[in-house]
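Structure, as structure tokens:
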Amino acid sequence: MSSLSARILDVFNEPGCAKNADKSEADRKKGCTKQPKPGSAAGGCAFDGAKIALQPFTDVAHLVHGPIACEGNSWDNRGAASSGASIWRTGFTTDMNETDIVFGGEKRLYKAIREILAKYDPAAIFVYQTCIPAMIGDDINAVCKAASRKFGKPVIPVNSPGFVGSKNLGNKLAGQALLDHVIGTEEPDYTTPCDINLIGEYNLSGELWQVKPLLDELGIRILSCISGDGKYREVASSHRARAAMLVCSKSMINVARKMQERYAIPFFEGSFYGIQDSSDALRNIARVLVARGAPEDLIGRTEVVIAREEARAWAKIGSYRPRLAGKRALLITGGVKSWSVLAALQEAGLELVGTSVKKSTKEDKERIKQRMGQDAHMIDDMAPRDIYKMLKGAKADIMLSGGKSQFVALKAAMPWLDINQERSHAYMGYLGIVNLVAEIDKALFNPMWEQLRRPAPWDGIAKHGHPNPMVLAQTDGQAAEPPALLEVSRRAKRVCLCNTVDRGTIEDAIRLHGLTSVDSVRLHTNAFGGCCRSRIQDILRAMSGSQPPAMQQAAE
Amino acid sequence: MTQNAEHVLDHVELFRGPEYQQMLANKKKMFENAQDPAEVERIREWSKTPEYREKNFAREALTINPAKACQPLGAVFASVGFEGTLPFVHGSQGCVAYYRSHLSRHFKEPSSCVSSSMTEDAAVFGGLNNMTDGLANSYNMYKPKMIAVSTTCMAEVIGDDLNAFIKTSKEKGSVPQHFDVPFAHTPAFVGSHITGYDNALKGILEHFWDGKAGTAPKLERAPNEKINFIGGFDGYTVGNTREIKRIFDLMDVQYTILADNSDVFDTPTDGEFRMYDGGTTLEDAANAVHAKATISAQQWCTEKTLAFIAGHGQEVLAFNHPVGVSATDELLMALSRISGKEIPEALARERGRLVDAMADSSAHIHGKKFAIYGDPDLCYGLTAFLLELGAEPVHVLSTNGNKAWHDKMQALFASSPFGQNCHAYPGRDLWHMRSLLFTEPVDFLIGNTHGKYLERDTGTPLIRIGFPIFDRHHHHRSPVWGYQGGMNVLVKILDKIFDEIDRKTSVAGTDYSFDIIR
């Protein structure tokens, strides 16, 4: 355990992290993640963080050492796309039982490793430590080492049991495992002056592939992507890259910084979310590569590609801007996405009413301020109740967030779009932003929301068989009449004589559907005779002034 | 030789084997005088073009793959909804065998129905003898409480007069004088099965209410608090009728379901064969005249019946296969208004749940294009629900839809931004639909079992909603009406959408987008 806690301290002490660098000596020792507050809802654990960071390595068997809880609830829950191997999807676990816990699970782990190698022969095995074996003292480092030696295959311990902290810490411990055991252990077949690493990019819904053709066109080779659609051999030889782009700064900054220290690979932080960011990212890649010896013309060629792609994307987005302009969005997400998605949304004409900065660094926040202006509404940690209030108060027209907040948005009858890992659309790059805008457009104009906001129609109309006097007072100006009598008279007045439709039926239909034309009334009431047009018009005129605004809106 | 007694294969697998494939190939080569495959392919491709579509839509005389059936099928369907009632179709027995098999194959239940088995001499000399003998035989053999007579074309063409024939038969002692034998003329060359439903139901009500063909005094209407409900011709009658009863009970409304065939098409297997089961009692059928109002779930199935009922002084109200939130809202509010009963919290919660479910997954339906075919009311109800979900029902086709249906459909399209590019096609058939699917493709097709050939031909995934559904079992047991029914339809549509995503992404040798979370 001492080595694990030392390692955690080391991970916490991240000079590359601006937020951490700002802290006092004492605070820095405490670490960068708040301990979860007992009794309050919390996010995923360190194990989960480590697992999701590494799982997109596709030719690796991911073996979870622990009871069924950890893998049983989480296997194959990552929408990262693989261009080849599928072993990463298979759920491997030692499924520890009572006996293992009493006598120790190391042997079982060793056997499990042997069985995976015999059955599947993957490029490597990543072994994930979980709470229970960590507590009983299973030494996975030793087991992995022994297995590695015995079987001649890389068996990598990922020491990140859930109890050590948050998901984010788990991301970093996963990165540490790569640094300790994987990176620099193999050599690439060949190198080029245009080799880069992408760090913290997970190829969700295959979105990296929307960018890759541009890199290919420019002759830039992704030597290794950590970890989206990654291969073991690629990451093992990633130390030969000329430069690196850090995509998700929160999850793997330690990997980028230490690779800079160890192998002198310069890195920059960038994002492919949004047009401006994509262009900046491409420019930066070209710049750092040229600085490290790539042909000078790369910069010029990059500009040509940027100009072409931007023009194309703008042309596509242009058609949406009139529809989306002025719509207010609330962005609840963490890390890199808050400022990069923000830029994308602004490009589509949306107004941002707020963005969460729960996981954002000081630098992130600065960027947000730049984008949104000084009065940016930054939300540090928003409880579902407060999100609900904000949406319910109609301060936003749409919420973009991870899947967990979806149901809050829906209960508040608010359009919602998933922009975290469970989403099923690819939003990266120039094409991605067009996708995102198309999806926002679809979400905003989905007729469901109208339906969702409308109360059950009978709430305002008939209770106990009588019309609600309040409603009638608003609409008819006849509230003096007792409701029961009024209802009788409403029903007695035949408006459509041919099909015997009474005034009450027509009024209810107008109110229920927010109707504004004679034809729509006829559609809903069967008042199809020839002579009632003018009478229906009169009713419409009498009622039009008094409809509740929501209804009018719905009708338009 | 190729079939092995130790391991017998059924036709699904057997004829895919190499020996049979060889045999079929040889036959084609040596005996079928086949056309040049390239030429066949050229014509096939041509038949997918707008040019062909134009010719197809110019068709005048020929109907190809009709999405409708004939009047007596609807008459039989309505008749079995009355207590102990034997449908008796006056005409040729072959027709009746079709109705029985049609209903049996859909409901997976026996379907009892007899015919007067007219032959050539009956066609020449009139079918009176067949009627007389037929009534006597079926009365004695099957012990019905009522025999509901309808007709096939054969009897109609020679002009057999059911009223007179039944009277004469009774005089000849086929059945007792006071035994109920309502009738309806249901020629197949007019309308479709929904017309037959309408005629048969009207015939039965007329019989009880208007003096049993002159043999009893007409009933005097003494209005009470009950509400009559008519389901119309509906492949989901088992689930829907039960759902409607549940809603009536929840609202504490007194009601009579007219032509309640939910039990006879869903009899339990407990060792007893029920030729008749459940149904509207004859007493209730007669007393339905006193009801406050009659609600029909399907306008186009009950045009004549509702006019007849309205003529007796009741309020009548027709819906169009109410699927989805708004349609159910309207139904419940009408019920509430007529009965003076409040809509209970239980139903309000069901409404909330359906809205919730729609919100959870509507992003998957929103923006998808659909083609629908079926009976006019079903088409209308499904279209309204799809528009509610933000889908575009681009082609809505009803072989038995008429001009009025077309106008009402177009008005419905006009009421929604999602209906702007949608069209209703009355009187068209599935070969027209094929042209539509090729020239203006959609994402999904909604229709009955016959749509599977369109699915194979055009590659448009089929969502099976309608009648008949022969190749999937038991869906008729679940409602499509009410909020719970809306939920079922929503799930059916979503299942197909997700199946389709899985199918498209389940490609050998690739590992992306075939995800467990959708």
Once the convex hull of the C-alpha atoms of region B:26-134 is built, how many Å³ does it hold per residue, rounded to a whole number?
229
Whole-Å distance linking the alpha carbon centroid of region B:363-427 with that of region A:234-304 is 53
So between B:ASN4 and B:GLU45, what do we pick up on full extension, going 0.36 nm a residue minus the alpha carbon distance?
10.7 nm
Apply the Debye scattering formula to region A:42-181, with a single equal point scatterer on each alpha-carbon and no solvent, then give log10 I(q)/I(0) at q = 0.09, 0.10, 0.15 Å⁻¹.
-0.22, -0.28, -0.65
Please find the FRET efficiency linking B:ASP499 to B:THR439, where r is the Cβ-Cβ separation and R0 is fixed at 35 Å, and quote it to the nearest 0.05.
0.85
Given charges of +1 on the Cβ of Lys and Arg and -1 on the Cβ of Asp and Glu, with all other atoms neutral, how large is the dipole of the protein assembly as shown about its Cα centre, in debye to the nearest 20?
2380
For region B:111-191, the convex hull over Cα atoms projects on average to an area in nm² of 5.5
Tell me, rounded to the nearest percent, the portion of alpha carbon pairs in region B:357-507 spaced more than 27 Å apart.
15
B:VAL264's amide H: which non-local residues (gap 5+, or another chain) put their own amide H closer than 5 Å, with H modeled 1.01 Å from N in plane and none for Pro or chain starts?
B:ASP277, B:GLY279
Let me know the whole percent of all Cα-Cα pairs from region B:148-271 that are separated by more than 25 Å.
41
If you consider only alpha-carbon coordinates, what radius of gyration and Dmax does the protein assembly as shown have, in Å?
35.7, 113
Per-residue HN-Hα couplings for region A:440-457 [Karplus 6.51, -1.76, 1.60; θ = phi - 60°; Hz; x = Gly/Pro]:
4, 4, 4, 5, 5, 9, 5, x, 3, 5, 4, 4, 5, 7, 7, x, 3, x
Non-local amide H neighbours of B:THR151 (under 5 Å, H modeled in plane, Pro and chain starts lacking H): which ones?
B:HIS90, B:THR186
Between B:HIS473 and B:THR510, what FRET efficiency comes out of the Förster formula 1/(1 + (r/R0)^6) with R0 = 41 Å and r the beta carbon distance, rounded to 0.05?
0.75
Given the DSSP H assignment, sum -39500 (n - 2.57) over each helix run of at least 4 residues in chain B and divide by its residue total; what's the result at 222 nm in deg cm²/dmol, nearest 500?
-14500 deg cm²/dmol
Residues whose placed amide H lies under 5 Å from that of A:TYR273, excluding near-sequence neighbours:
A:GLY429
To the nearest 100 Å², how much accessible surface do chains A and B cover up together, summed over both, with a 1.4 Å probe?
3400
Model label zone, B:LYS143; criterion: amide N under 17 Å from point 7 Å along Cα-to-beta-carbon; scope region B:170-185:
B:176
Relative packing of A:88-95, A:271-278, which averages over residues the other C-beta atoms within 10 Å, highest first:
A:271-278, A:88-95
Please tell me which of these pairs span more than 18 angstrom C-alpha to C-alpha: A:LYS51/A:LYS172; A:LYS167/A:LYS389; A:LYS442/B:LYS368?
A:LYS167/A:LYS389
Carbon and sulfur atoms: what percent of the 1.4 Å accessible area of the protein assembly as shown do they account for?
53
Given the C-alpha atoms of chain B, compute the convex hull and give its volume per residue in Å³.
208
For region B:254-296 versus region B:137-203, the gap between their alpha-carbon centres in whole angstrom
20
Taking θ = phi - 60°, what integer Hz values does the Karplus form 6.51 cos²θ - 1.76 cosθ + 1.60 yield along region A:366-372, in sequence order, with x for Gly and Pro?
4, 4, 4, 4, 4, 6, 9
Write down, largest first, the equivalent ellipsoid semi-axes of region A:195-317 in whole Å, where each equals the square root of 5 times an eigenvalue of the alpha-carbon gyration tensor.
23, 17, 12
Which value in nm describes the separation of the simple spin-label points at B:ALA38 and B:LYS218, placed 7 Å from the Cα toward the beta carbon?
7.6
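The values are calculated or read from the model by the stated rules, or taken from the named source; none is laboratory data. Predicted, not measured: the structure shown is a model, and the values here were computed from it. Backbone-built Cβ (ideal geometry, glycine too); neighbour counts: all protein chains shown. Calculation scope for accessible area: heavy atoms of the full protein, side chains included, ligands and nucleic acids excluded. Shrake-Rupley method; radii C 1.70, N 1.55, O 1.52, S 1.80 Å.
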